[in-house]
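A short worksheet on the structure shown next.
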Amino acid sequence: MEVEPIRNTDKISEMKEFLRQKGGSYELLFVMGLNTALRIGDLLSLSIGDVTDNDGKILEAICLKEQKTGKLKRLPINESLKNALSEYLAAYPNRKRSAPLFVSQKCGALSRSQAWRTLRAAGESVGLQHIGTHSLRKTFGYHVYRKSGSDIGLVQKLLNHSASRITLKYIGIDREKMDNMYMELNL
C-alpha cells in the first residue's frame, strides 16, 4: 500500500508530540520533512554544518544536491523549522559541524528503517494508517496545494515533478476529489 499525505493539521500536531516523547532526532526529522519536502535520503544525509554557520547560528537556507535528481536545491528555513532546529541543537551543544544532523539514541546516524518505523508508529498512535517517511514529502505537497489556492503548477515545481497529473495523484487530490463527489452526490 502506498503511503498517504497527512491531511489533518491536528494529526500533525499530535504526531509531533508523540515524536517529541521519543526524544532525539525524530521530531526534528518530522518537522524538517514537512517543511522542506526533502526525500528521506536527502534528509538523513544532512550534517549539522548543512544547517548552521561556523558560529553555530542557523542558516537562512539549506543548500544541497538532491541524491535522486542530482539537481541543486535551495530551501529557505521557515520559522517552524528554525524553532525546531534551535531546540534540537541546544540539546546537543558539543557536536561537530561534520556530525550527522539526525542521530539515533545510540548516537550513530539515524537509519532509513529507524525513521520509517518511528514515523509509522507516530501515525498509528493518532489513528492514521499508511504513513511512512515519504508521507512527509506528500504532506508538504498537499498543504502547499491547499494554501496556494490549488496552484498545482507551484506544487509541481516545488516537488520537481514532470507533469501536473503526477503531482495531483502523488498528493492524493484525485482520490480525495472522487471520494468527496461520491459522498456529496446523495441522489
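The values are calculated or read from the model by the stated rules, or taken from the named source; none is laboratory data. These numbers come from a predicted model, not from an experiment. The protein model used for the area step is the full one, side chains on, heavy atoms only, and it has no ligands, DNA or RNA in it. Shrake-Rupley method; radii C 1.70, N 1.55, O 1.52, S 1.80 Å.
With the alpha-carbon atoms of region 31-187 aligned to their principal axes, the span from lowest to highest coordinate is 65, 33, 27 Å, starting with the largest. Computed over the alpha-carbon pairs of region 1-116, the distance histogram in 5 Å steps reads 2, 10, 22, 25, 22, 13, 5, 1, 0 percent, short to long. Distance cut-off 31 Å, Cα to Cα: go down the list 96/147; 106/157; 68/169 and report the pairs above it. Checking Cα-Cα distances, 96/147; 106/157 exceed 31 Å.
Legend: P(r) of region 142-184 from all alpha carbon pair distances, 5 Å bins from 0, whole percents, reading 5, 25, 31, 21, 12, 4, 2.
Computed over all pairs of different Cα atoms, the Kirkwood value for the hydrodynamic radius of region 106-187 is 14.6 Å. Helix content alone sets the calculated 222 nm mean residue ellipticity of the chain: runs of n ≥ 4 DSSP H residues at -39500 (n - 2.57) each, divided across all residues, give -16000 deg cm²/dmol.
Note on region 10-54: percent of Cα-Cα distances in each 10 Å bin, starting at 0 and stopping at the bin with the largest distance, equals 24, 50, 24, 2. Applying the Karplus relation 6.51 cos²θ - 1.76 cosθ + 1.60 with θ = phi - 60° to region 144-149 yields 3J(HN,Hα) values of 5, 4, 5, 6, 8, x Hz, where x marks Gly and Pro.
Contact order, relative form, for the chain: 30 percent (alpha carbon pairs under 8 Å, 6 or more residues apart, mean separation divided by residue count).
In what sequence, largest accessible area first, do 22, 68 appear using a 1.4 Å probe? Before the final figure, lay out the partial values.
Values: 22 90, 68 155 Å².
Listed by decreasing accessible area, they come as 68, 22.
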